[in-house]
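Working notes, beginning with the structure itself.
The values are calculated or read from the model by the stated rules, or taken from the named source; none is laboratory data. For clarity, every value in this text was computed on a predicted model and none was experimentally measured. Backbone-built Cβ (ideal geometry, glycine too); neighbour counts: all protein chains shown. In case anyone asks, the SASA skips ligands and DNA or RNA and just uses the protein heavy atoms, side chains included. Shrake-Rupley method; radii C 1.70, N 1.55, O 1.52, S 1.80 Å.
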Amino acid sequence: MTETRRLETKGPETKGPETKGPKTKGPKTKGHETRGSILGHPVLRKEDPGILLGETRYFDDLDIDGLAHIVFVRSTVAHAILESVDISEAVGLPGVLGVYTADNLEVADHHGFIMLPPTANRPPLAKGKVRFVGDVVAAVVAETRAQAVDAAEAVIVDYDPLPAVVDLEAAVAAGAPLLHDEVPGNVVFSAAGMGMGAPVEGLMDDAEVVISAKFVNQRLAGVPMESNGIIAVPEGAGLTAWIPTQAPNSIHGELAGALGLDPTAVRVRTAAVGGGFGSKAAFMVEFIVACKAALALGRPVKWTETRSENMVAMVQGRAQVQFVDLGLMRDGTITALRVKVLADAGAYPAIGAFLPFFTHTMSGGVYAIPKIDFDWQAVVTNTTTTAAYRGAGRPEATQLLERILDIAADQLGLDPVAIRRKNFIPKFDAPGAMAASGLAMYDTGDYESTLDVALAHAGYDALLAEQAARRTSGATKQLGIGIGSYVEITAPAGMHAEWGAVEVHDDGSVTAFVGTSAHGQGHETAFAMIVSDLMGVSMDQVTLVQSDTALIPKGAGTMGSRSLQTAGSAVYRSSEAVIDKARQLAANLLEANADDIVVGDGGLQVAGTPARLVSWGDLARAAKDPTHASGIDGLDDGLRAEVDFDAGSSSFPFGTHVAVVEVDTETGRVELLRHVAVDDCGRILNPLLVRGQQHGGIAQGIAQAMYEWVQYDADGNPVTGNLMDYAIPSAAEFPSFETFNTETPTHLNPLGAKGIGESGTIGSTPAVHNAVIDAVSHLGIEHIDMPLSAERVWRAINAA
């Protein structure tokens with residue numbers, strides 16, 4: 001049974017009357033009759049019954065008349081001149097409606113990310129050259145998917161192979177094959193390109209010891225349970241695109257531009273989305289081709305990605321090589337940090353080429369590091385494009401920092417706990433503390449407290465004693481204890497604002513509108529809790545509208561652990577605004593002073609007099625009646641309010657994880673015995689949802705440490721292109737996680753909340769990695785790159 005507990009840490013009071021301090025279970029709003037708050041309590045997810053009963057519909061379940069199917073012909077060569085694409089046989093096969101190549105379908109090249117230079121753009125259908133296995137060469141549309149598959153197999157492609165480059169260091173070496181003529185040295189973006197990365201003079205002058213290491217943060221695949229796809233439905237001069245995306249409004253803008261259509265002619269919608277992890281925030285060139293085909297044929301076209309397609313087509317993540325030098329005094333005090341990162345952008349750069357900026361931003365972590373010298377380059381290779389993957393640049397920072405710190409502790413003969421305590425940034429409240437990188441202002445933090453709680457629940461001293469006993473006895477199975485302390489950025493720059501609205505209907509029900517887009521997080525539950533708590537309605541009366549650009553005018557989507565603190569705050573402020581409008585209405589109806597009107601159960605009432613209550617339904621109808629609404633501002637659209645909430649800055653959750661492993665020194669097999677996680681995400685509104693995010697994040701972080709790795713051979717052929725070869729752990733591979741929380745509210749939003757979606761991933765990977773190395777460090781092993789498979793551990797033990 002999983003153990004979950006909450007511990008409150010004194011933090012700053014949230015601005016305004018709604019938050020009274022850390023002991024409050026949830027934010028308070030003035031004008032409420034005294035009653036218990038639902039916020040801060042575990043509430044079962046509204047979403048789950050439909051999922052469990054098979055009633056929830058995903059895009060692949062949609063029944064659309066006249067549906068045709070599109071299948072993509074993908075390159076089987078990593079790097080080659082595209083000599084010819086022969087479609088003559090395919091076009092005449094039964095059921096075929098169209099076969100498209102770059103020669104007969106006019107589509108502009110796609111630019112991968114706004115921050116990148118306008119180079120190395122991707123042709124949606126390959127032109128002249130292919131650059132990775134999976135590059136789209138042609139597309140076939142047919143009446144049935146089987147017919148489209150048959151026709152795709154009849155397309156004959158003639159390749160003239162070129163040398164491929166998949167290794168990052170080889171890609172930047174002199175004389176390396178170039179992927180794009182306009183990208184010299186294969187470096188597509190860099191710290192220098194952002195005006196950063198200049199060397200720090202005298203960086204290590206104060207250091208008595210410099211610890212150096214090279215780390216490989218391996219490439220990972222997102223592998224959401226539901227793969228990618230689209231249904232493009234022509235409607236007049238435009239279309240509706242059903243896409244399982246994390247960011248409908250962002251996709252909408254890119255899609256309209258790529259199709260050359262007025263944005264009002266394009267509608268993007270999602271059904272339920274079966275997982276995303278950042279991968280489904282990406283804009284896929286397959287969307288453009290499917291929509292172009294639908295418009296050309298005048299009928300709906302559907303693409304459902306197969307799993308093997310998903311393993312080469314969907315954007316991937318991590319993929320960094322890190323060169324790290326840590327300067328210290330002999331007592332463990334850190335004096336300086338130098339990092340150089342090579343980041344794999346894949347064949348066509350997208351946001352993955354920018355994510356080393358976040359690694360740089362968070363490179364100081366929870367530690368007071370006086371000087372940091374950080375340089376990075378994003379490099380194109382003959383591999384799948386990289387983009388965001390749960391954590392998106394921040395796990396890479398924590399991983400390098402926590403590993404080099406453990407190596408330093410080992411070389412200096414210090415306890416890993418002691419070296420962390422010596423270097424923690426002291427506890428601070430608003431307005432915050434500057435990150436050691438100088439690129440971020442942390443909002444609130446009490447880093448040592450999470451270490452204390454984690455060690456206490458892990459029983460650290462007892463574990464050390466057991467470890468010593470096993471080492472003394474020469475036991476085959478050695479015990480390892482690993483620590484991972486982290487701070488991360490959530491709702492990063494450009495993503496700390498969000499739109500939301502709340503509307504009351506004549507039947508007393510309430511609709512909340514948000515610009516985020518859930519794909520498993522529990523937004524329907526979380527946002528209903530906020531409305532219920534503020535407005536005194538039951539959660540069953542609250543409906544969430546999201547993920548439809550015809551109904552949601554703007555929104556940044558769901559990523560970067562941002563949704564509750566941004567969209568939740570927009571719903572919170574919109575609810576307050578609705579209450580303020582309704583208060584004057586209620587005063588008119590109840591013939592009372594507006595200052596005496598408070599929220600009661602199901603409506604507004606006179607303070608202290610529950611019998612004098614007017615329901616939300618009556619208020620909604622009154623808002624449309626000039627007799628009652630006359631002279632009250634803001635009722636033109638009925639009892640509705642919308643808010644563009646802007647936190648003004650990012651929030652910074654933090655925590656400490658402790659992993660306990662057992663390593664069989666004869667076979668190299670690693671068994672994770674325990675994982676203790678203490679995560680601080682500010683004020684917690686629903687512990688059940690937080691726990692779910694912790695569990696999912698921890699599992700994905702452990703998976704990187706022990707199992708997952710996208711691999712290519714020297715010619716750029718994927719060798720982990722299906723789930724027989726790419727190791728995804730199941731629940732059977734994990735112990736029950738022991739999850740805890742401290743609560744240090746932020747001042748940046750009325751909820752006091754920070755993000756939690758990626759914290760588990762960031763803390764767990766270094767904790768498990770450090771634990772495995774700790775188990776064999778007495779044998780002289782200092783580092784093993786991830787994933788820590790039995791073979792890799794066994795080889796390290798034998799080499800030592």
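Some values worked out for this structure:
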{"quantity": "Identity of the residue in region 184-197, surrounded by 18 or more Cβ atoms within 10 Å (Cβ to Cβ) and in contact with a helix residue (DSSP H, G or I) (Cβ under 8 Å, 6 or more places away or on another chain), that ends up nearest to residue 358 (Cα to Cα)", "calculated": "191"}
{"quantity": "Selection count, region 187-214, where residues are in a strand (DSSP E or B), aliphatic (A, V, I, L, M) and farther than 14 Å from residue 328 by Cα", "calculated": "3"}
{"quantity": "Subset tally (residues that are surrounded by fewer than 18 Cβ atoms within 10 Å (Cβ to Cβ) and touching a helix residue (DSSP H, G or I) at 6+ places or on another chain (Cβ under 6 Å)) for region 429-440", "calculated": "0"}
{"quantity": "Residue match in region 633-642 (condition: of a type outside the set (A, V, I, L, M), in contact with a strand residue (DSSP E or B) (Cβ under 6 Å, 6 or more places away or on another chain) and modelled with pLDDT of 95 or more)", "calculated": "yes"}
{"quantity": "Residue among 271, 241, 232 that alone is under 21 Å from residue 309 (Cβ atoms), surrounded by fewer than 22 Cβ atoms within 10 Å (Cβ to Cβ) and in contact with a helix residue (DSSP H, G or I) (Cβ under 7 Å, 6 or more places away or on another chain)", "calculated": "271"}
{"quantity": "Selected residue (only one of 383, 361 is β-branched (Val, Ile, Thr) and either within 30 Å of residue 126 (Cβ to Cβ) or surrounded by fewer than 19 Cβ atoms within 10 Å (Cβ to Cβ) (or both))", "calculated": "383"}
{"quantity": "Sole residue being charged (D, E, K, R), more than 19 Å from residue 761 (Cα to Cα) and open to solvent by 10 Å² or more (accessible area, probe 1.4 Å), chosen from 443, 415", "calculated": "415"}
{"quantity": "Region 649-673 residues that are outside any loop (DSSP other than H, G, I, E, B), paired with ones that are of a type in the set (Phe, Trp, Tyr) (beta carbon under 7 Å, 6 or more apart)", "calculated": "654/447; 654/486; 655/486; 672/734"}
{"quantity": "Search result, residues across region 725-751 that are more than 30 Å from residue 312 (Cβ to Cβ) and assigned to a loop (DSSP other than H, G, I, E, B)", "calculated": "735, 736, 737, 744, 745, 746, 747, 748, 749, 750, 751"}
{"quantity": "Failed condition for residue 708, given (1) under 22 Å from the mean Cα position of the chain (by Cα); (2) assigned to a loop (DSSP other than H, G, I, E, B); (3) farther than 16 Å from residue 319 by Cα", "calculated": "(3)"}
{"quantity": "Strands (runs of 3 or more DSSP E) (entirely within region 512-618) containing at least 2 residues that are among the β-branched types (Val, Ile, Thr)", "calculated": "542-545, 597-600, 609-615"}
{"quantity": "Conditions (1) open to solvent by 10 Å² or more (accessible area, probe 1.4 Å); (2) touching a Lys or Arg at 6+ places or on another chain (Cβ under 7 Å); number of the one not met by residue 682", "calculated": "(1)"}
{"quantity": "Residue match in region 645-653 (condition: at pLDDT below 95, open to solvent by 10 Å² or more (accessible area, probe 1.4 Å) and of a type in the set (Gly, Ala, Ser))", "calculated": "no"}
{"quantity": "Near pairs, Cβ below 8 angstrom, 6+ apart or cross-chain, from region 439-455 (under 16 Å from residue 652 (Cβ atoms) and in a strand (DSSP E or B)) to any residue that is open to solvent by less than 10 Å² (accessible area, probe 1.4 Å) and aromatic (Phe, Trp, Tyr)", "calculated": "442/652; 445/652; 445/654"}
{"quantity": "Extreme residue, farthest from residue 245 (Cα to Cα), among residues of region 352-392 that are among the polar types (S, T, N, Q) and assigned to a helix (DSSP H, G or I)", "calculated": "361"}
{"quantity": "Evaluation of residue 152 against (1) touching a Ser or Thr at 6+ places or on another chain (Cβ under 7 Å); (2) outside any loop (DSSP other than H, G, I, E, B) (one fails), failing number", "calculated": "(1)"}
{"quantity": "Those residues of region 566-603 which are in contact with a Phe, Trp or Tyr (Cβ under 9 Å, 6 or more places away or on another chain) and of a type outside the set (Val, Ile, Thr), in sequence order", "calculated": "567, 568, 569, 570, 572, 573, 574, 582, 602, 603"}
{"quantity": "Top-ranked residue of region 198-211 - restricted to ones that are in contact (Cβ under 8 Å) with a residue 60 or more places away in the chain, open to solvent by 20 Å² or more (accessible area, probe 1.4 Å) and out of contact with any Leu (no Cβ under 8 Å at 6 or more places or on another chain), ranked as farthest from residue 728 (Cα to Cα)", "calculated": "206"}
{"quantity": "Inter-residue pairs, beta-carbon under 8 Å, first farther than 10 Å from residue 273 by Cα and surrounded by fewer than 24 Cβ atoms within 10 Å (Cβ to Cβ) and in region 513-528, second among the β-branched types (Val, Ile, Thr) and at pLDDT below 95, 6+ apart", "calculated": "none"}
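For every residue, the table says whether it meets (1) surrounded by fewer than 22 Cβ atoms within 10 Å (Cβ to Cβ); (2) of a type in the set (D, E, K, R); (3) closer than 22 Å to residue 400 by Cα.
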position: 458; (1), (2), (3): no, no, no
position: 463; (1), (2), (3): yes, no, no
position: 466; (1), (2), (3): yes, yes, no
position: 473; (1), (2), (3): yes, no, no
position: 487; (1), (2), (3): no, no, yes
